[in-house]
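Undergrad: Let me give you the structure first, and then I'll get to my questions.
The values are calculated or read from the model by the stated rules, or taken from the named source; none is laboratory data. Computed from a predicted model, the values in this text were never measured in an experiment. All Cβ positions, glycine included, derive from the backbone under ideal geometry; neighbour counts span all protein chains shown. In case anyone asks, the SASA skips ligands and DNA or RNA and just uses the protein heavy atoms, side chains included. Shrake-Rupley method; radii C 1.70, N 1.55, O 1.52, S 1.80 Å.
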Amino acid sequence: VMAKKRIQNLLKPNRPVIIYYGINDPETGIYPYTDYAKKYHSPIFESGDEAAIYLAKLAKKQNWNFIYKRHPMNRGALEIELPENVILSDTLNIHDAVDMADLNITILSQMGYEALLRDKPILMLGYNQLRGKGCAYEAYEARDIEPTIEQALKKGLTKEQKSCFVRHIAQLCKYYLYTDFTNPNVLYGKPIEE
């Protein structure tokens, strides 16, 4: 509650709120940043912090509120200098963060699912399971980021995106989730033979 109130007091009124969720670079596959990382994980940014700095510059230019919520594994001393318009909030509850955002952004965090489950738009700057599913805004070249943010702020989470997300979750349940043999009363997904 304290973190939420502190953040709300720092926000410029009547301006969009964009929250960028950092990632645990080594665990996501983008560190070290190699051709493989660029092809399969993060086509633009070599680190989560690099994306934060880039987005902060866009936010300053457009007069958007910009909150950077680092990944819990990346908390501690900053190794980079953030622009002055960045509101850094490591302690803000993720659900409060999603709810206060007009747009949520990440490279490839599972925060995309958190946003969609709470009926909030998400912009993906890298590749995860939401890629190409039609439920998220996607920008995989630097020149596409700003216009995609503007579009997402204008349209929000669309009916089509919601429908695509429901389809995506149904596909996950049908093809990727399996029976929990620790509890024989819980059955879902494919039969074990498949």
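Undergrad: Under a 10 Å cutoff between Cα atoms, tell me which one of ALA59, ALA142, ALA51 has the largest fluctuation in the Gaussian network model of the chain.
TA: Looking only at ALA59, ALA142, ALA51, the largest GNM fluctuation is found for ALA142.
Undergrad: Say a site is exposed when it is one of the chymotrypsin sites (Phe, Trp or Tyr not before Pro), sits in a DSSP loop, and has at most 13 other Cβ atoms within 10 Å; what is then the longest site-free stretch of the chain? Each step should come with its number before you reach the end.
TA: Numbers: sites that count: TYR176, PHE181, TYR188.
Within the chain, the longest run free of exposed chymotrypsin sites (Phe, Trp or Tyr not before Pro) spans 1-175.
Undergrad: Shifting gears a bit: In whole angstrom, note down how far apart the Cα centers of the range 86-139 and the range 16-57 are.
TA: Taking the Cα centre of the range 16-57 as reference, the centre of the range 86-139 is 13 Å away.
Undergrad: Rounded to the nearest 500, what is the 222 nm mean residue ellipticity of the chain from helices alone, with -39500 (n - 2.57) per DSSP H run of 4+ residues and division by all residues? Intermediate values should be presented prior to the final figure.
TA: Numbers: 8 runs with 79 residues, N = 194.
One gets -12000 deg cm²/dmol as the mean residue ellipticity at 222 nm.
Undergrad: Something else now. Whose amide H sits under 5 Å from the amide H of GLY22, counting only residues 5 or more places off or on another chain, with H placed in the peptide plane?
TA: LYS69, ARG70, HIS71
Undergrad: Which of rounded, prolate, oblate describes the range 41-148, given a ≥ b ≥ c as roots of the alpha-carbon gyration tensor eigenvalues and a/c under 1.5 marking rounded, otherwise prolate only if a/b is larger than b/c? Intermediate values should be presented prior to the final figure.
TA: On the way: a/c = 1.37, a/b = 1.18, b/c = 1.16.
In terms of gyration-tensor shape, rounded.
Undergrad: Still on this model: Ordering GLU84, GLU141, GLU146 by accessible area with a probe of 1.4 Å, largest first, what comes out?
TA: GLU84, GLU141, GLU146
Undergrad: Next question. Round to a whole number: what % of the accessible area of the chain belongs to carbon and sulfur, probe 1.4 Å?
TA: The nonpolar share, carbon plus sulfur, comes to 52 percent.
Undergrad: Ignoring solvent entirely, what values of log10 I(q)/I(0) come out of the Debye formula for the chain at 0.08, 0.10, 0.12, 0.18 Å⁻¹ when each Cα is a single scatterer?
TA: Log10 of I(q)/I(0), two decimals: -0.28, -0.44, -0.62, -1.24.
Undergrad: Per residue, how much accessible area does the chain show when a 1.4 Å probe rolls over the protein heavy atoms, in square angstrom? Present the calculation step by step, with values, prior to reporting the outcome.
TA: Numbers: 11040 Å² over 194 residues.
The answer is 57 Å² per residue.
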